[in-house]
Amino acid sequence: MATQMIVTRGLAKRYGEVAALDGIDLDIAAGSIYALLGPNGAGKTTTISILTTLALPSAGSAQVAGFDVTRQANEVRRRIGVTFQDLVLDPDLTGRQVLDIHGRLYRQPRELRQRRIAELVELVQLGDAIDRLVKGYSGGMKRRLELARGLMTDPQVLFLDEPTQGLDPQNRATIWDYIRMLRRERGLTLLLTTHYMEEAEALADTVGIIDRGHKVAEGAPAALAAELGADLIRISGRGDAAHLAERLRALPFVDRVTPLEHLIEVGVDNGSRRVAEVVAQASGNGFTIEDVAVARPSLGDVFLKYTGRALRD
């Protein structure tokens, strides 16, 4: 059995009457990538704050690298790296100074700091900019510098809170490559939060979905998507969607029907083979089809199934 690098049991956090977390259990294996997904306010950042010793749990327990986050917080801090959702960089320092100061805070000897900075600058490709002021960095360069800072102490566990937020596709792909390399070559355990479903699908061995402080689903991305059925047929148009949905549910090869505004999603065993029969049900039902698409379920579909479509503040 793989060593569990992060373990929580009944982890809870309350702010007055508000339950930010309400009994979260996690088992994250060493050397794996775990993506924590959820709507705004679901408890993702609260979970990371507790696991990185920045917040105390109201109930339950949590261990990181074998140490209790409450009773052995200093031991946990020695073994983790963190990048935050919001950039936390002094714009009036150079990139090299940012990394050097972080190493000093952990009492790293000068020679070790210099060696680590040289390695990390090469890793995140900031060689031409490391001695420039951070205020002149692009968004992607700042994210890469934060990743390097999180790795300065050679951690066993790296926490990434929205690591590619606001980045363009090229910079996002670059960060993805770094994350894969860290797991592959250094054996790091990574826990990341993200709102990008394709990011979780591309990177994570395991995905956990939390909503309103509860873990509502967990598994490999492909396995979670497969639970929704083989294929989805999406029908968009105008008319009586509810009546059409009722007829579609009666078909023997349909496992679920989700009527939405101007759209009906139909889960079937084989999309390309069943699309004609599904479309035929619209005849005489007062529903005019404007477009039909066939797709395999994605992690985004899983996310919406468990968390709904309502916007969250």
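A few comments on the model shown:
- The lone criterion from (1) more than 15 Å from Ile179 (Cα to Cα); (2) of a type outside the set (Asp, Glu); (3) surrounded by 15 or more Cβ atoms within 10 Å (Cβ to Cβ) left unmet by Arg149 is number (1).
- Taken together, Ala129, Ala118 contain a single residue that is outside any helix (DSSP H, G or I) and hydrophobic (A, V, I, L, M, F, W, C), which is Ala129.
- Segment 191-218 residues that are modelled with pLDDT of 95 or more, paired with ones that are of a type in the set (S, T, N, Q) and outside any helix (DSSP H, G or I) (beta carbon under 6 Å, 6 or more apart): Asp205/Ser32
- Once segment 76-97 is narrowed to residues that are under 12 Å from Arg143 (Cβ atoms) and among the polar types (S, T, N, Q), the residue that is modelled with the lowest pLDDT is Gln85.
- Taking segment 255-307 as the range and being in a loop (DSSP other than H, G, I, E, B), over 13 Å from Asp231 (Cβ atoms), in contact (Cβ under 8 Å) with a residue 24 or more places away in the chain and not polar (S, T, N, Q) as the test, the residues that pass are His262, Ala282, Gly286.
- Selection from segment 160-198 of residues that are assigned to a loop (DSSP other than H, G, I, E, B) and more than 13 Å from Gly81 (Cβ to Cβ): Glu162, Thr164, Gln165, Gly166, Leu167, Asp168, Gly187, Thr194, His195, Tyr196
- Residues in segment 223-254 that are free of Cβ contacts under 8 Å to residues at least 12 places away in the same chain and at positive phi: there are none.
- Selection count where residues are surrounded by 14 or more Cβ atoms within 10 Å (Cβ to Cβ), more than 17 Å from Asp131 (Cα to Cα) and either of a type in the set (Asp, Glu) or over 26 Å from the mean Cα position of the chain (by Cα) (or both), scope segment 81-111: 1
- Considered as a group, the residues in segment 199-245 that are of a type in the set (Asp, Glu) and in a helix (DSSP H, G or I) include one that is surrounded by the most Cβ atoms within 10 Å (Cβ to Cβ), and that residue is Glu199.
- Of residues in segment 166-184 being among the aliphatic types (A, V, I, L, M) and closer than 12 Å to Arg143 by Cα, the one surrounded by the most Cβ atoms within 10 Å (Cβ to Cβ): Ile175
Conditions tested, residue by residue: (1) free of Cβ contacts under 8 Å to residues at least 60 places away in the same chain; (2) touching a Cys at 6+ places or on another chain (Cβ under 9 Å); (3) part of a loop (DSSP other than H, G, I, E, B); (4) within 26 Å of Leu188 (Cα to Cα).
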{"residue": "Val7", "(1), (2), (3), (4)": "yes, no, no, yes"}
{"residue": "Ala20", "(1), (2), (3), (4)": "no, no, no, no"}
{"residue": "Asp25", "(1), (2), (3), (4)": "no, no, no, yes"}
{"residue": "Ile50", "(1), (2), (3), (4)": "yes, no, no, yes"}
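- Hey, Val268 at pLDDT 85 or above, touching a strand residue (DSSP E or B) at 6+ places or on another chain (Cβ under 8 Å) and surrounded by 20 or more Cβ atoms within 10 Å (Cβ to Cβ) or not: yes
The values are calculated or read from the model by the stated rules, or taken from the named source; none is laboratory data. Here the structure is a predicted model, which means the values were calculated and not measured. Counting neighbours? That spans all protein chains shown, and the Cβs are built from the backbone with ideal geometry, glycine included.
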